[in-house]
Amino acid sequence: MAYPGYGGGFGNFSIQVPGIQMGEPVPETGPAVLLDEYCGFPAFSDAYSSAGDSVYTYFSAVAGQDGELDAEELQRCLTQSGISGTYSPFSLETCRIMIAMLDRDYTGKLGFSEFKELWAALNAWKQNFMTVDQDGSGTVEHHELRQAIGLMGYRLSPQTITTIVKRYSKNGRIFFDDYVACCVKLRALTDFFRKRDHLQQGSVNFMYDDFLQGTMAI
């Protein structure tokens, strides 16, 4: 059975980026990025090399001596890269939860491999945002967010969509920074839940401490 909230393919971006098919590079991502059906964003190919890569240039210009980015360094790196385009730069809080989403070694920072994965996700989410922002307002409204979440493969109830809109909107409109924060949290919490749903039935029993560790980190 298809796992609730994953749309069978768990965030299949092959249907949401116009003109791009599975296995084709995502525009403006720098290295060779291939569309994948995992977690709603592309995965990097094994043939990736940092030589001459603008993504590595952005990363190395800001990373400390430890070769990693903390939240403030990540914010500076993304701002300098211009990945937000015409949208406002990412807030420090959004950068914190970006790190929490991908910090698999629990250092509180992102190494370059984790940063590459984030870069691909941000480009895919940006393409998605631009696709559903049909009136070109630079924001998405309730119906546009519902469409965007559906395109990422999530099957959420109208009540859940309404809850998300209330959480992330300003006067009924969701700006790009808040949209990305929403995408990060959806992906991270769904991943947290799915790993514990061993039978893939959409039901999990949590220990209270486990629940807090998973949710408070995001």
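The values are calculated or read from the model by the stated rules, or taken from the named source; none is laboratory data. All values reported here derive from a predicted model rather than from experimental measurement. In this analysis, Cβ positions are derived from the backbone assuming ideal geometry, glycine residues included, and neighbour counts consider all displayed protein chains. Side chains are part of the model used for accessible areas, which takes the heavy atoms of the whole protein and leaves out ligands, DNA and RNA. Shrake-Rupley method; radii C 1.70, N 1.55, O 1.52, S 1.80 Å.
Numbers below:
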read-out: Within-13-Å neighbourhood charge of D135 [Cβ basis; K, R +1; D, E -1]; value: -2
read-out: Segment D105-L92, extension gain: residue separation times 0.36 nm, minus the distance between their alpha carbons; value: 2.6 nm
read-out: For the stretch 86-172, size of Cβ-based charge dipole, Lys and Arg +1, Asp and Glu -1, in debye; value: 180
read-out: For the stretch 52-98: accessible area per residue (Å², 1.4 Å); value: 50
read-out: Overall form of the stretch 121-177 per C-alpha gyration tensor (a/c, 1.5; a/b vs b/c); value: oblate
read-out: Fraction of accessible area attributable to carbon and sulfur, the stretch 138-218 (%, probe 1.4 Å); value: 56
read-out: L189 paired with F211, simple spin-label distance in nm, labels 7 Å along Cα-to-beta-carbon; value: 1.3
read-out: Rounded accessible area per residue of the stretch 102-159, 1.4 Å, Å²; value: 42
read-out: Within the stretch 104-218: Cβ-based charge dipole about Cα centre, in debye rounded to nearest 20 (Lys, Arg +1; Asp, Glu -1); value: 100
read-out: Shape of the stretch 152-193, Cα gyration tensor, a/c cut at 1.5; value: oblate
read-out: Most to least packed among 129-140, 89-100 [average Cβ atoms within 10 Å]; value: 89-100, 129-140
read-out: Cross-link reach list, lysines versus K195, counting only Cα pairs under 21 Å and skipping chain neighbours closer than eight places; value: K185
read-out: Gap separating the Cα centres of the stretch 169-187 and the stretch 50-104, nearest whole Å; value: 19
read-out: Spin-label pair T162/T131, simplified geometry with 7 Å Cα→Cβ offset, distance in nm; value: 2.7
read-out: Cα gyration tensor shape of the stretch 69-218, rounded if a/c is under 1.5, else prolate or oblate by comparing a/b with b/c; value: oblate
